[in-house]
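Single-structure report; data block below.
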Amino acid sequence: MKFSMKNAIFISLSLVTWGFYLQILDTTVQTVVVDMLGQKETVKGVILALANAVPLLFFPYIAKKSDRCTSRYGRRTPFIFVGTVITVLGVIAAIVCAYALNGKSENNLSAVITYGLFMVISSAGIGIYRPAAVAVLPDLTPKNLRAEYTAVKNIFGSVGGFIIVAIALFLKDYYSQLWLYIISAVLMAASFIAYRAAIDENKMAAEVAASFADDEEEKLAESLGENEDFLKKMPADKKRSLVFLLACTFFVGFGYFAITATYINYAEAMWGWARNLSNILIILIGVGGAVCTPVAAVVQKKIGRKKTLLLGIGFMLVGYVVCSLMLIEEIFAACGWLVYVMFTFIGIGWGTQNVIVYPMVMQLSDSRNNGRFSSLFTIYYTLPKVFTVLVSAVMFDALGYEVLFPYSLVSCFIAFITHSWDILPLKLIRSPNI
């Protein structure tokens with residue numbers, strides 16, 4: 001099978017709702033909770049932690065159910081539809097209630113609780129939607145082309161987030177967040193409609209399955225039968241590779257998501273930037289990721305996935321180091337413009353990591369358990385969001401925003417170590433080079 005840009009675009013639409021929703025969480029929750037409703041960072045951290053934790057309750061179950069689904073609409077499409085509907089209704093209800101109840105109780109307690117509750121409900125929709133949406137790509141693409149398809153998918157995810165942030169730049173009045181949520185909900189619904197209209201999931205999955213006729217791992221999966229048996233009987237080297245890949249995903253995210261959940265408040269407190277203008281930082285991350293994603297897909301074929309992954313993490317490390325130095329007033333006064341460059345570096349690193357790690361994880365799977373492997377990856381992608389938004393928020397309230405970039409730097413360095421044992425003096429464990 002050959003790479004099809006048309007298929008790549010429409011397959012990507014299955015996951016673009018996640019891009020919209022993720023940016024809603026990163027861009028607006030910190031503004032709604034801290035600025036509009038007057039709460040502390042810790043309250044924001046609790047809401048974000050719950051919104052990211054609740055989907056984890058659904059991921060394993062939905063992954064198994066979608067792997068075994070035999071619907072005439074496809075294995076994944078019914079779950080994508082149900083999850084999208086719940087998410088769309090949840091985000092609209094959350095922001096409408098926040099505006100309606102703002103100022104109606106002491107400390108805006110009713111507004112905060114109601115807003116948080118509906119955001120958690122919307123995240124439950126993501127818990128149903130995302131495991132199925134993530135598994136669509138390996139279901140409908142051959143193994144040797146997944147990096148290319150993942151690159152297009154990541155670009156569309158970045159575009160989804162970019163649209164939300166771009167809109168936020170120009171919405172400055174009291175009802176800005178309300179319109180942002182409504183526009184996001186409409187875009188989520190539209191992306192599913194376009195995906196469903198263009199993709200015949202069952203037909204495309206059958207074509208890909210036919211291309212696997214000579215794949216030895218697929219034959220092994222067929223002989224073993226149940227998904228659980230295949231996972232239990234994975235060779236030790238593949239299990240070790242999976243552990244390293246998931247550890248890398250976790251620690252990169254642990255530092256990165258602390259920044260995306262706080263950058264608006266940080267820029268205002270540390271650099272005196274206006275809240276709406278701070279969104280330029282997340283745009284630069286998106287631009288960096290979008291630009292590097294197709295490049296990384298090409299580079300990994302030249303130098304290998306592992307070296308490409310380490311290169312991407314290296315860009316993030318440089319970004320965190322320089323942004324940490326911006327805490328020194330003299331350096332910020334002389335070289336403040338470097339902040340824009342470093343956020344682009346962070347985006348380049350994040351985009352590279354995303355386009356490389358997921359295909360490496362899915363390289364270990366087979367057509368019978370794509371959902372379970374996708375779910376496993378998604379869990380380790382989401383877990384750092386659950387913990388870091390709460391841990392970092394408590395740290396900010398206790399120690400100040402100054403700890404943000406050093407905190408992210410340490411997390412990213414640990415991720416680098418998980419994939420660089422063989423270039424260190426003590427070669428204790430070899431990291432994977434799938």
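The values are calculated or read from the model by the stated rules, or taken from the named source; none is laboratory data. Note that the coordinates shown come from a computational prediction; the quantities given were computed from them, not determined experimentally. No Cβ is skipped: glycine too gets one built from the backbone with ideal geometry, and neighbour counts run over all protein chains shown. These area figures cover heavy atoms from the full protein model, side chains too; ligands, DNA and RNA do not enter into them. Shrake-Rupley method; radii C 1.70, N 1.55, O 1.52, S 1.80 Å.
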Task: Heavy-atom accessible surface of segment 1-104: percent carbon and sulfur, 1.4 Å - done: 67 percent
Open item on the list: Give me the tail of P(r) for segment 37-161 as a percent: Cα-Cα pairs with distance above 22 Å.
Closed with: 48 percent
Open item on the list: Can you compute 3J(HN,Hα) from phi for each residue in segment 94-106, using the Karplus curve 6.51 cos²θ - 1.76 cosθ + 1.60 with θ = phi - 60°, rounded to whole Hz and x for Gly and Pro?
Closed with: 4, 6, 4, 5, 4, 6, 5, 9, 4, x, 8, 8, 4
- [ ] Find, to one decimal place in angstroms, the Kirkwood hydrodynamic radius of the chain, where the mean of 1/r is taken over every pair of different Cα atoms and then inverted.
- [x] 22.0 Å
Open item on the list: If R₀ is 45 angstrom, what is the calculated FRET efficiency for the pair Asp200 and Glu330, using the beta carbon separation as r and rounding to 0.05?
Closed with: 0.15
Task: Placed amide H near Trp273: partners under 5 Å, 5+ positions off or other chain - done: Glu268
Task: Per-peptide average of other Cβ atoms within 10 Å, ordering 133-146, 107-120, 318-331 highest first - done: 133-146, 107-120, 318-331
Task: Whole-Hz couplings from phi, Karplus 6.51/-1.76/1.60, listed for segment 161-167; x for Gly and Pro - done: x, 4, 4, 5, 5, 4, 5
Open item on the list: Using only the heavy atoms of the protein chains and a 1.4 Å probe, how would Val298, Val252 rank by accessible area, largest first?
Closed with: Val298, Val252
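Which FRET efficiency value, to the nearest 0.05, do you get for Met234 and Lys104 by plugging their Cβ-Cβ distance into 1/(1 + (r/R0)^6) with R0 = 35 Å?
Values: r = 55 Å, r/R0 = 1.58.
Approximately 0.05, to the nearest 0.05.
Exceeding 29 Å between C-alpha atoms, which entries from my cross-link table qualify? They are Lys104/Lys385; Lys153/Lys203; Lys6/Lys238; Lys64/Lys302.
Checking Cα-Cα distances, Lys104/Lys385; Lys6/Lys238; Lys64/Lys302 exceed 29 Å.
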TODO: Mind giving me the nanometre distance, one decimal, between the label points for Ile9 and Ile182, set 7 Å out from Cα along Cα→Cβ?
DONE: 3.0 nm
- [ ] Tabulate in residue order the Karplus-calculated ³J(HN,Hα) for segment 133-138, using 6.51 cos²θ - 1.76 cosθ + 1.60 with θ = phi - 60°, rounded to whole Hz; enter x for Gly and Pro.
- [x] 5, 5, 6, 4, 4, x
- [ ] Grab the Cα-Cα distance for Lys40 and Trp337, subtract it from 0.36 nm times how many residues apart they are, and report the gain in nm with one decimal.
- [x] 104.0 nm
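Before I look further, what does the chain give for accessible area per residue, probe 1.4 Å, in whole square angstrom? Can you show the working numbers first?
Numbers: 17390 Å² over 434 residues.
That works out to 40 Å² per residue.
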TODO: For Leu37, list long-range residues whose amide hydrogen, built 1.01 Å from N in the peptide plane, is under 5 Å from its own amide hydrogen.
DONE: none
Task: Spin-label model distance (nm) - Val295 vs Val208, 7 Å beyond Cα toward Cβ - done: 2.8 nm
- [ ] Treat every Asp and Glu Cβ in segment 236-367 as -1 and every Lys and Arg Cβ as +1, leave all other atoms uncharged, and give the resulting dipole magnitude about the Cα centre to the nearest 20 debye.
- [x] 700 debye
Task: Solvent-accessible ranking of Lys307, Lys65, Lys385, largest area first, probe 1.4 Å - done: Lys307, Lys65, Lys385
